[in-house]
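Encoded as structure tokens, the structure appears first; notes follow it.
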Amino acid sequence: MRAGGIPAALPADRDFAFGGDPAAAARAYEGAWLACELIADRWGGDRLAAFYRAAGGTGAPRAFRDVLGTTEEDFTRAWRERLPQELSSAPSR
């Protein structure tokens, strides 16, 4: 966020690739962590685990719908709204 504002989308699989830009990978992991934290806070740990399993099996769009009862677009909007408050309270690195 410090470098370029709020990301437009959730991290994609390619964002976690090794051998590329380590700062970009770190941002992807942090963004994914905050997405998991949002799921756990809103839907609970059991649903987070169910979402993780479903996304690995049938894909994220279906997991958002079937497990969380939302769409990837609506979830991304909520995640983007949460990022500033989460990252502004995080210690500087």
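Out of Asp66, Asp41, Asp74, I need the residue that is of a type outside the set (A, V, I, L, M, F, W, C) and under 15 Å from Ala9 (Cβ atoms). Which one? Can you show your working first?
Details: Asp66 fails: under 15 Å from Ala9 (Cβ atoms); Asp41 fails: under 15 Å from Ala9 (Cβ atoms).
Unique residue meeting the criteria: Asp74.
Tell me whether region 33-52 contains one or more residues that are modelled with pLDDT under 95 and charged (D, E, K, R).
Checking region 33-52: not a single residue is modelled with pLDDT under 95 and charged (D, E, K, R).
Do any residues in region 58-71 that are free of Cβ contacts under 8 Å to residues at least 60 places away in the same chain have Cβ atoms under 8 Å from those of residues that are open to solvent by less than 20 Å² (accessible area, probe 1.4 Å) and not hydroxyl-bearing (Ser, Thr, Tyr), where the two are at least six apart or on different chains, and which pairs are they?
So the pair list comes out as Phe64/Phe75; Leu68/Ile39; Leu68/Phe75; Thr70/Phe64; Thr71/Phe64.
When you scan region 16-54, how many residues do you find that are in contact with a Lys or Arg (Cβ under 8 Å, 6 or more places away or on another chain) and farther than 14 Å from Ala78 by Cβ?
Number of matching residues: 1.
The values are calculated or read from the model by the stated rules, or taken from the named source; none is laboratory data. Just so it is clear, the model here is predicted, and its values are computed rather than measured. Because the Cβ atoms are built from the backbone with ideal geometry, glycine has one as well, and the counts that use them run over all protein chains shown. What goes into the accessible areas is simple: the full protein's heavy atoms, side chains included, and nothing from ligands, DNA or RNA. Shrake-Rupley method; radii C 1.70, N 1.55, O 1.52, S 1.80 Å.
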